[in-house]
Structures are given as C-alpha cells and as structure tokens.
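Report on one structure; see the data block that follows.
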Amino acid sequence: MTLRSDPPAPSRVPHPQTVAITAGRERDASSLAPVLWPTSTFHAPSIAESAKRGRTPRSTDFYSRLGNPSVQSFADAVAELEGAEAGLAFSSGMGAISSVVMALCSQGGHVVAQRQLFTSTSLLFQLVCPRFGIEVTLVDVADTAAMIAAVRPGQTQLLFVETPANPTMEVADLAALGAVRGPLKVVDSTFGTPLLQRPIDHGFDVVIHSATKALSGHNDATIGVALGDEDVIDQIWGYSAIHGACASPFDAWNGIRGLRTLGVRLERQNATAGELARRLELIGAITAVHYPGLESHPQHDIVRTQMSGGGGCLSFDLAGGRSAAMAFVDALELVRLAPSLGGPETLVNHPASMTHAQLPPEDREELGITEGLLRLSIGLEHLDDIWCDVETALRAAASATD
Ligand SMILES: *Cc1c(COP(=O)(O)O)cnc(C)c1O
C-alpha cells in the first residue's frame with residue numbers, strides 16, 4: 001500500500017488562468033507590474049519611419065488614436081485568452097460593437113441578429129443600422145434553425161449573437177452557428193468571458209467583450225475589445241481609426257491589472273452564483289430562475305457543450321411583480337442597486353426600469369423582461385453574507401404584490 005500517489009503528469013499547455021497573468025506583457029520590459037503609457041503621441045527619428053508607423057495597423061508608436069502600448073497590451077492579452085490572432089480595444093463595449101458593425105457592414109447589406117440583446121446593441125440594430133441602409137432581421141436565439149434560415153446568401157454580412165444573453169440567459173448554439181457559411185459570425189461574449197467559453201474554437205470570426213465587466217473586474221474601467229484573425233481585425237482598425245472610439249490607456253492599464261485575477265474571481269463568482277441559483281429555485285414566491293449553470297436551464301445541453309461554468313450572473317422572476325421587486329431592492333443592505341456586472345461587489349438590477357427601460361413595453365414582454373424580474377451580478381463577498389441579505393429581502397418581498 002502506498003501512502004502517497006505520484007503527482008499528476010504536468011501539462012505542457014498552460015491553463016487560461018495562468019495565461020491571464022502574463023498575457024500581453026511583452027512591452028513591459030523588466031517591469032513586473034503593467035506599464036502605463038498615457039502619451040497621446042510618439043516622436044520618430046525620420047519622416048520615413050513616422051510615415052511607416054502611421055500606415056501600420058495597430059502600430060503602438062505613432063499616435064494613440066491609432067494605437068497605444070498600454071491599450072494594445074490589453075487587447076493582445078484578451079486575444080491570447082480567446083485563441084485569436086489579433087485584438088483591438090475600444091472606449092467601451094458599445095464602442096467595440098458599433099465600430100465592428102460599421103466597419104463590416106455597408107448600405108444594402110443585411111444583418112441577422114438575435115432578438116435577446118444588450119439594450120444599446122438592440123437600439124443600434126433597430127434604430128441606427130436602418131438609417132444607413134443596413135437591413136436587420138432579429139430572431140429568437142433559442143431557435144437555431146430560424147437563425148440559420150434568416151441568412152441570405154450573398155447579402156447577409158453579419159450573423160450577430162450575444163451569449164449568454166442579458167438578462168434572461170438564453171444561450172446561442174456556438175457550434176451550429178459557427179458552421180454557417182457566408183456572413184462573418186460575431187459574438188458578444190461578455191457574460192461568458194474567455195475562461196468559460198471560446199467562440200473562435202467553434203468557428204466564430206469576431207469575439208467582442210464589454211471589458212468594463214468581468215475582464216477588468218473592478219468597476220474602474222470603461223473599455224471594450226474585439227478579437228479575431230489579423231485580416232478582419234485590421235479591417236476593423238481601418239474604420240475605427242477614423243471613428244475614434246479608442247480606449248484610454250489608463251482604462252486599459254486597469255484592465256490588465258484586472259485580467260491577472262480573472263481566474264480566481266470567476267471561480268468564486270461561478271460557485272456563489274450557482275449555489276444562490278439552486279437556493280432561489282426552491283423559493284415559492286419565485287416563478288423562474290435564469291442561470292446557465294442550472295439543470296433546469298432550457299438549453300442546458302448546449303451550455304454543457306460550450307461553457308465550463310455558469311458565469312457570475314443570474315436573474316429571477318418574483319411572482320409579486322413590480323411591488324415585490326421594489327420591496328426586495330429596498331430591503332437589501334449588502335447588495336447594491338446598480339447596472340453593470342462582473343465586479344467585486346454584488347449588484348442588483350431591475351431590468352424593466354433600468355437597463356431595458358428604453359425598449360418598448362411589448363418588446364420587453366416578448367423578451368421575458370417582466371416587472372418582477374431582477375438580475376443579480378454576484379461579487380466576491382462570502383456566500384453566507386450575500387444569502388443572508390437576499391433571504392431577508394425575499395421575506396420583505398413576500399408580503400408585497402401588485
Ligand atoms: C455592458 C455590456 C455591453 C456594453 O458595454 P459598455 O462597456 O457598457 O459599453 C455590451 N454587451 C453586454 C452583454 C454588456 O453586458
């Protein structure tokens with residue numbers, strides 16, 4: 001009988017949690033901490049050299065709207081985590097989404113997008129794209145066959161999904177949609193993060209993140225990022241240098257600081273969110289809990305094939321409607337009322353009156369965004385403390401109904 005087993009054979013391929021600590025840091029020389037380059041411009045030794053830098057996509061030594069070392073370090077780090085050739089950072093998640101759509105679509109073109117979208121993305125597709133002669137077809141992402149059938153050969157320029165979707169956590173079937181030929185396949189993977197899912201491995205062309213959320217992870221950076229093959233990222237850069245939604249070096253620097261702890265933060269947030277989701281499912285006054293990690297998630301089979309964790313966000317529907325939601329939020333003490341997600345603090349959001357208030361009521365109803373729906377973004381506090389707060393608030397909500 002042996003008392004000690006041999007240690008497992010070492011894996012030569014570093015895990016993403018390890019990659020996140022060092023990725024994108026080639027420009028930092030011997031500084032162990034990330035280096036901040038606040039400069040807006042760079043001097044060059046000759047006109048020829050300056051001209052060359054100005055023409056080179058994502059060059060980091062010409063002018064910071066066209067590229068900056070701190071900003072590119074952040075984008076390179078996320079590209080490495082996504083298994084992408086190249087990355088480009090933007091002033092926000094919406095800066096990334098708007099720049100990608102405007103860079104890759106043109107008048108007379110067509111976009112197929114899922115109906116369940118982040119509100120500003122939805123408004124971009126419904127209000128802005130038509131003004132530029134770009135037609136958009138919105139489809140329920142749970143109906144993969146309908147998404148594929150909506151693609152028009154020769155006309156559809158983009159197939160756009162967001163997975164898991166905010167706030168009701170529908171997921172897009174990445175393998176089935178990644179196999180579609182013709183349009184460029186673009187995914188907003190903010191809720192997934194590259195540690196939970198890697199859409200490029202499933203055939204997607206461009207991955208976008210609102211890095212304002214879990215990637216930066218501390219609610220102190222507003223920044224977006226797009227990842228993909230070098231040629232498509234260069235094409236996006238050609239447009240974005242004109243559009244000018246470039247990321248701030250300071251936010252990118254905060255972003256790199258955040259990325260290095262992404263692994264441990266997600267581990268804790270996934271574990272706490274999963275446990276809370278299971279507890280909330282047992283509460284009678286809650287009619288539905290939306291969380292990708294639950295067996296009861298309507299697309300759990302797809303989740304299992306493409307995600308390694310349920311993520312840090314969940315939403316639930318209070319049977320008592322708006323009055324119950326108001327009573328719940330009012331009774332919270334630890335959990336604070338704010339939009340956004342992925343930070344150290346647990347946050348609650350009432351989508352119907354906050355993040356999704358700009359949508360017409362009939363759209364909200366179709367998307368399942370009821371008056372009783374609340375979204376929790378789980379932070380890094382101890383599970384017992386979050387549960388104590390939530391449980392007290394549920395008791396306060398139980399006596400309130402519309
Ligand atoms: C927050 C968010 C965005 C927008 O990102 P900003 O950084 O706020 O511009 C886009 N998509 C999803 C899924 C988001 O959560």
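The values are calculated or read from the model by the stated rules, or taken from the named source; none is laboratory data. From a predicted model like this one, the values you see are computed outputs, not experimental measurements. Don't worry about glycine lacking a Cβ; one is built from the backbone with ideal geometry, like all the others, and counts go over all protein chains shown.
Please work out which one of (1) under 30 Å from Thr261 (Cα atoms); (2) in contact (Cβ under 8 Å) with a residue 60 or more places away in the chain; (3) polar (S, T, N, Q) is the condition Ser323 fails and give its number.
So Ser323 meets the others, but not (1).
Tell me which residues, restricted to the range 289-306, are in contact (Cβ under 8 Å) with a residue 60 or more places away in the chain, surrounded by fewer than 21 Cβ atoms within 10 Å (Cβ to Cβ) and either in contact with a Phe, Trp or Tyr (Cβ under 8 Å, 6 or more places away or on another chain) or more than 22 Å from Thr370 (Cβ to Cβ) (or both).
Thr305 - this is the single residue of the range 289-306 that is in contact (Cβ under 8 Å) with a residue 60 or more places away in the chain, surrounded by fewer than 21 Cβ atoms within 10 Å (Cβ to Cβ) and either in contact with a Phe, Trp or Tyr (Cβ under 8 Å, 6 or more places away or on another chain) or more than 22 Å from Thr370 (Cβ to Cβ) (or both).
Checking the structure you have, find out if any residue of the range 45-58 is assigned to a helix (DSSP H, G or I), at pLDDT 95 or above, within 16 Å of the ligand (Cβ to nearest atom) and β-branched (Val, Ile, Thr).
No: zero hits.
Let's see how each residue does on (1) over 29 Å from the mean Cα position of the chain (by Cα); (2) crowded, with 17+ Cβ neighbours inside 10 Å:
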{"residue": "Arg25", "(1), (2)": "no, yes"}
{"residue": "Ser30", "(1), (2)": "yes, no"}
{"residue": "Pro34", "(1), (2)": "no, yes"}
{"residue": "Thr39", "(1), (2)": "no, no"}
{"residue": "Ala48", "(1), (2)": "yes, no"}
{"residue": "Lys52", "(1), (2)": "yes, no"}
{"residue": "Arg55", "(1), (2)": "yes, no"}
{"residue": "Arg65", "(1), (2)": "no, no"}
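Out of Gly320, Gly293, Gly312, which single residue is within 16 Å of the ligand (Cβ to nearest atom) and not hydrophobic (A, V, I, L, M, F, W, C)?
Gly312
Search the range 104-118 for residues that are at positive phi and pair each with any residue that is more than 16 Å from the ligand (Cβ to nearest atom) when their beta-carbon atoms are under 7 Å apart and the residues are at least 6 apart or on different chains.
Gly108/Gly133
Inside the range 121-137, can you point out the residues that are surrounded by 17 or more Cβ atoms within 10 Å (Cβ to Cβ) and closer than 25 Å to Lys213 by Cα?
Listed by number, the residues that qualify are Thr121, Ser122, Leu124, Phe125.
Restricting to the range 109-168, name every residue that is under 21 Å from Phe191 (Cα atoms), in a helix (DSSP H, G or I) and away from the ligand (no atom under 16 Å from the Cβ).
Thr144, Met147
I need a count of the residues in the range 217-234 that are within 15 Å of the ligand (Cβ to nearest atom), free of Cβ contacts under 8 Å to residues at least 40 places away in the same chain and surrounded by fewer than 22 Cβ atoms within 10 Å (Cβ to Cβ).
Of the residues in that region, 1 qualify.
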